1. Using the count of nearby Cβ atoms within 10 Å as a rough guide to exposure, how do 293, 249, 53 rank from fewest to most?
2. At what distance in nm do the modelled label points of residue 209 and residue 250 sit from each other, each positioned 7 Å from its Cα along Cα→Cβ?
3. Using a Förster distance of 35 angstrom, determine the FRET efficiency expected from the C-beta separation of residue 163 and residue 59, and round it to 0.05.
4. When a/c reaches 1.5 or more, the comparison of a/b and b/c decides; with that in mind, is the range 187-324 rounded, prolate or oblate per its Cα gyration tensor?
5. Helix 128-138: angle to the longest alpha-carbon principal axis of the chain, degrees 0 to 90, nearest 10?
6. Please compute the Kirkwood hydrodynamic radius of the chain from all pairs of different C-alpha atoms, in Å with one decimal.
7. Quick check on the range 121-235: what are the equivalent-ellipsoid semi-axes from the Cα gyration tensor, as sqrt(5λ), descending, whole Å?
8. List the residues of the range 1-44 whose backbone N lies under 15 Å from a point placed 7 Å from the Cα of residue 154 along the Cα-to-Cβ direction.
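Read-outs: derived from the displayed coordinates by stated rules, not from any lab. Being a predicted model, the structure only gives us computed values, none of them experimental. Using ideal geometry, Cβ is built from the backbone for each residue, glycine included, and neighbour counts are taken over all protein chains shown.
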Ligand code: PMV
């Protein structure tokens, strides 16, 4: 089982080496809690299977679809199988407790859960750094979901990506922040992040200044985390999100993930911070319209009120504490039966 993460300083734009997902800047995130959102994945190897089978949320996946993330996933399954000297094909069954492809980092949680399950099913005992590199190759931001708490993904300098991995900066109980997520839309995004990561650095004029800006933001936010300086954390988080979305919009064709309701949430957060005379909430948006409000437990109500005011009383709100990272769960959660069939 693994959980999504929310980046305070974002990864957007990757170098063109295929299959490695190497970023132009380091990024920093918090890992979300399994009680709020999680992905469970079971893996079984069976000599009677002719091909690898993958089921996500009850649906059989086309493993030869040409989709980049699916391709990377199949490559990594092959590599880990070879590393263990295993010849059998695998059945992989994965279930999310939240909608996938809607900017809620389902691919990060999914990739981290898969790497964790494969490492254990194949008894590979790989170290966390190697696991994080494998997860990165499926979906860049997934490398950060391999750890709990506050996490940094070092961009690295090597062409082969061996020094581009995630590590924990502080454990979950270092600072009890919350991520309060407003589910504004669950429809699939029009432009995948895989496509966006290529379009934006290639075509956006503004992107030229992003790697330096974000590298500074990563350093700044780590300092803010270590010193529990919310004022600073909030400003960096909001500005890094704004900067990422500005470069997306500046590229060609333009990519727009934030919608008008998202901007209304951002404005309401700025108003609340002004009313309080200090930053009590930070907004941040990933590759989707759903606002993430980062705050401290004592301002939970203020953050929820903003989401309800803008998104409506009936909108779903998910409150997540900081999580512990991936773990092996008991057999009661097994998603594959004794004859290698998915339990759907
Ligand atoms: O890992 P990907 O390819 O799903 O890209 C994720 C990009 C953002 O969520 C927008 C930012 C981030 O760092 O998580």
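1. 249, 53, 293
2. Distance between the two pseudo-spin positions: 0.7 nm.
3. That gives a FRET efficiency of 0.45.
4. Details: a/c = 1.96, a/b = 1.29, b/c = 1.53.
Note, shape of the range 187-324 comes out oblate.
5. 90 degrees
6. For the chain, inverting the mean 1/r across all distinct Cα pairs yields 20.3 Å.
7. Equivalent ellipsoid semi-axes, largest first: 23, 23, 18 Å.
8. Counting only backbone N, you get 23, 25-28.
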